[in-house]
1. Order of 130, 204 from fewest to most other C-beta atoms within 10 Å?
2. Semi-axes of the equivalent ellipsoid of the chain: what are they in whole Å, largest first, if each equals the square root of 5 times a C-alpha gyration tensor eigenvalue?
3. Could I have the simple spin-label model distance between residue 134 and residue 290, label points 7 Å from Cα toward Cβ, reported in nm to one decimal?
4. Can you give the FRET efficiency to the nearest 0.05 for residue 66 and residue 234, using r as the Cβ-Cβ distance and R₀ = 35 Å?
5. Relative to the longest principal axis of the C-alpha atoms of the chain, give the angle of the C-alpha long axis of helix 102-111, reported between 0 and 90° and rounded to the nearest 10°.
6. Can you sort 100, 209 from fewest to most other Cβ atoms within 10 Å of each residue's own Cβ?
7. How far is it, in nm, from the label point at residue 49 to the one at residue 258 when both lie 7 Å from their Cα along the line to the Cβ?
8. Using Cα pairs under 8 angstrom and six or more residues apart, how large is the relative contact order of the range 36-221, in percent?
Ligand SMILES: [Zn+2]
């Protein structure tokens, strides 16, 4: 359930001066660059051979079958098309063989300049990287990773930073619950190559990236040190660093350690930026102490 304020709705009339609501934003069509990829992988669990289920530590000798990627869903931000690939549909013996996914994954990562993923820094990107190197692929061209989980932890004291909670409260696309195969059953049935389970996995995996994209776009104006989207505009002129929009509102000046700069708020995403040029004369700056 989204908790956005509606246009014109404010907590108190006295607080309204200069306050910009998300409802007042004017989205614009952005230039095609950079390519921002939202991605989410689902993995097969490690099959471990153990003697008991409680307080058991495993060595690598006890691995029956190692983990692998089962499927991935991906989407370019701002485009409608959803990309999904799975290891299923070829019989249970091939479900844990993810070689079939590697060319597609590599090409997507290679084409992206920015990759967005929930828990992507710790999980998805490193998992993808390992499977790629294992399959004998060279590195894809460098990407900048935006992890909605770590950014959320930095920025907000939300009760939970999990996608299920954040997407329910900050987007209109809550995470799917895969009710037909609840919990671990979905993975067990996919490993048996059950087509109904794969259909559910596909739905679940795709829903995750739709939720992640919405969450990312809602959070983006708050993210500090977001890659500067304005830098991708080959022509001169001011773009919002967060979203690339040219609809900027000059709000005044911002004073840093010694320099004074023009300050802007984006009318498309609400993010803040400043000009690069120092507006106070050099002689004035030179007279300051730091
Ligand atoms: Zn913006």
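1. Numbers: 130 12, 204 19.
By the 10 Å Cβ count, ascending: 130, 204.
2. On the way: eigenvalues 366, 99, 69 Å².
Rounded to whole Å, the semi-axes are 43, 22, 19.
3. Between residue 134 and residue 290, the label points sit 4.8 nm apart.
4. Details: r = 45 Å, r/R0 = 1.29.
E between residue 66 and residue 234, to the nearest 0.05, is 0.20.
5. 0
6. Numbers: 100 13, 209 25.
In order of increasing Cβ crowding within 10 Å: 100, 209.
7. Label-label distance for residue 49 and residue 258, simple model: 6.9 nm.
8. Details: 296 pairs, mean separation 45.4, N = 186.
Relative CO of the range 36-221 lands at 24 percent.
Any read-out appearing in this document is the output of simple, stated calculations on the displayed coordinates, not a laboratory observation. A quick note: this is a predicted structure, and the numbers were derived from the prediction, not measured. All Cβ positions, even for glycine, are placed from backbone atoms using ideal geometry, and neighbour counts span all protein chains on display.
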